[in-house]
Amino acid sequence: MDCNVRPASMARITTRALADAFIEEQIAAIRAEIGDKKVLLALSGGVDSSVVAALLVKAIGHQLVCVHVNHGLMRKDESENVIEVFRNQLDVNLVYVDATDRFLDLLAGVSDPEKKRKIIGAEFINVFADEARKLSGIDYLAQGTIYPDILESQKQAEGKKAVKSHHNVGGLPEDLQFKLVEPIKLLFKDEVRVVGEALGLPHAMVYRQPFPGPGLGVRCLGAITRDRLAALREADAILREEFANAGLSEKVWQYFVIVPDVKSVGVKDESRYEGWPAIIRAVNTVDAMSATIEEIPYAILHKITARITAEVAGINRVLYDLTPKPCGTIEWE
Ligand code: XMP
């Protein structure tokens, strides 16, 4: 039987009881496979790697070593939350690497989106590999692969072209040969979430919106600068806060801010004030292949606009992207 094919008999995990049964089964399988060996996991803070971390720490405790790489392109407070939940609450053996300067130095002056993605993906592997070499006696690499990833790579293997290159920790250097552990590889996203809650992960972490691997790097358009990236991070935090206040966080599939490398003339404190626009994007989709626009009520748009222009240094306008996919992709790069 191909272990990358979901058996027709496998029930969809929709309830706490089914999730508990899955967790018990996986814990037994993981213990049987790993024994007293050590497992390494790149923990991004996304739903999939978080669920794998919570499952593995339950199965093998401190034999799991997680590495969280902050590439400097995380959203506001994101790395801090990862540390709080995994190191402080779940007692996970967590290595935190602040690699902001490594990434931003490499990205300086690079404006082509695919080049940016490639630099971020490759440097992520470099940083992770550097950390892996420092840790001795690791035999296994855990990955948060889920079933749609397997289906997607099968499609690509059949020659269908991907619109944008995505990155994960595959492609580690030759000297790092790990066996793979992928405990949620037969699950769909909704099932991963049910399992995550059953494992005791915070609701906000389990139901968080998807966030691309290259992070804010593909939302700070063109060549990334630290000041524009900081403005983007603050504006995005305000958007997320106002969506939460309005009860929209779990209703809308993905919502975020984009800041292009364009300035317009504005006025502040009776003087000319040149600033960037913050572009709001809020979309709904089932599979990210096509997407529709969330109609944000005007009162909320006004509040977001007032807050961003008053609170974020460098931003003097707020725009609302009304383009569905197609013809716009969800991200601008
Ligand atoms: P697009 O922009 O292609 O996005 O319509 C579809 C979904 O994919 C996410 N996305 C990425 N995820 N690495 C990722 O891990 C990437 O390079 C990447 N680019 C886009 C995007 O956020 C959306 O959910």
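The values are calculated or read from the model by the stated rules, or taken from the named source; none is laboratory data. Please read these numbers as outputs of a predicted model, since none were measured by experiment. Here Cβ is always computed from backbone atoms with ideal geometry, including for glycine, and neighbour counts include all displayed protein chains.
Key figures for this structure:
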| read-out | value |
| --- | --- |
| Boolean, Leu221 is more than 16 Å from the ligand (Cβ to nearest atom), over 17 Å from Gln254 (Cα atoms) and buried (at least 19 other Cβ atoms within 10 Å of the Cβ) | no |
| Residue in the stretch 4-15 that is among the polar types (S, T, N, Q), touching a helix residue (DSSP H, G or I) at 6+ places or on another chain (Cβ under 6 Å) and at pLDDT below 95 present | yes |
| Given (1) crowded, with 21+ Cβ neighbours inside 10 Å; (2) within 16 Å of the ligand (Cβ to nearest atom), index of the condition Phe188 fails | (1) |
| Residue match in the stretch 315-326 (condition: closer than 28 Å to Asp149 by Cβ and free of Cβ contacts under 8 Å to residues at least 40 places away in the same chain) | yes |
| So Asp261, is it loosely packed, with under 15 Cβ neighbours inside 10 Å, charged (D, E, K, R) and not assigned by TED's automatic domain parsing to the domain that holds Val85 | yes |
| Among (1) in contact (Cβ under 8 Å) with a residue 60 or more places away in the chain; (2) within 16 Å of the ligand (Cβ to nearest atom), the one test that Leu135 misses | (2) |
| Residue list for the stretch 204-218, restricted to those being surrounded by 16 or more Cβ atoms within 10 Å (Cβ to Cβ) and away from the ligand (no atom under 16 Å from the Cβ) | Met205, Val206 |
| Search result, residues across the stretch 232-252 that are among the charged types (D, E, K, R) and surrounded by 14 or more Cβ atoms within 10 Å (Cβ to Cβ) | Arg233, Glu234, Asp236, Arg240, Glu241, Glu242 |
| Residue list for the stretch 1-54, restricted to those being under 29 Å from Leu73 (Cβ atoms) and in a loop (DSSP other than H, G, I, E, B) | Leu43, Ser44, Gly45, Gly46 |
| Cβ pairs under 9 Å, 6+ apart, first in the stretch 73-90 and of a type in the set (Phe, Trp, Tyr), second assigned to a helix (DSSP H, G or I) and at pLDDT 95 or above | Phe86/Ser50; Phe86/Ala53; Phe86/Ala54; Phe86/Val57 |
| The stretch 13-39 residues that are over 15 Å from Glu182 (Cβ atoms), paired with ones that are among the aromatic types (Phe, Trp, Tyr) (beta carbon under 7 Å, 6 or more apart) | Ile13/Phe22; Lys37/Tyr140 |
| Single residue of Glu33, Glu78, Glu25 found to be at pLDDT 95 or above, surrounded by fewer than 17 Cβ atoms within 10 Å (Cβ to Cβ) and farther than 16 Å from Ala198 by Cβ | Glu33 |
| Residue within the stretch 311-320 that is part of a strand (DSSP E or B), farther than 23 Å from Arg208 by Cα and of a type in the set (D, E, K, R) present | yes |
| Those residues of the stretch 274-333 which are surrounded by 14 or more Cβ atoms within 10 Å (Cβ to Cβ), acidic (Asp, Glu) and within 19 Å of Ala231 (Cβ to Cβ), in sequence order | Asp321, Glu331, Glu333 |
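Conditions (1) more than 9 Å from the ligand (Cβ to nearest atom); (2) closer than 17 Å to Leu232 by Cα; (3) at pLDDT 95 or above, marked per residue:
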| site | (1), (2), (3) |
| --- | --- |
| Asn284 | yes, no, yes |
| Ala291 | no, no, yes |
| Pro297 | yes, no, yes |
| Ile315 | yes, yes, yes |
| Thr323 | yes, no, yes |
| Cys327 | yes, no, yes |
| Trp332 | no, yes, yes |
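One line per residue, one yes/no per condition, for (1) at pLDDT 95 or above; (2) not small (Gly, Ala, Ser):
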{"site": "Ala231", "(1), (2)": "yes, no"}
{"site": "Leu239", "(1), (2)": "yes, yes"}
{"site": "Ala246", "(1), (2)": "yes, no"}
{"site": "Asp261", "(1), (2)": "yes, yes"}
{"site": "Ile279", "(1), (2)": "yes, yes"}
{"site": "Ala288", "(1), (2)": "no, no"}
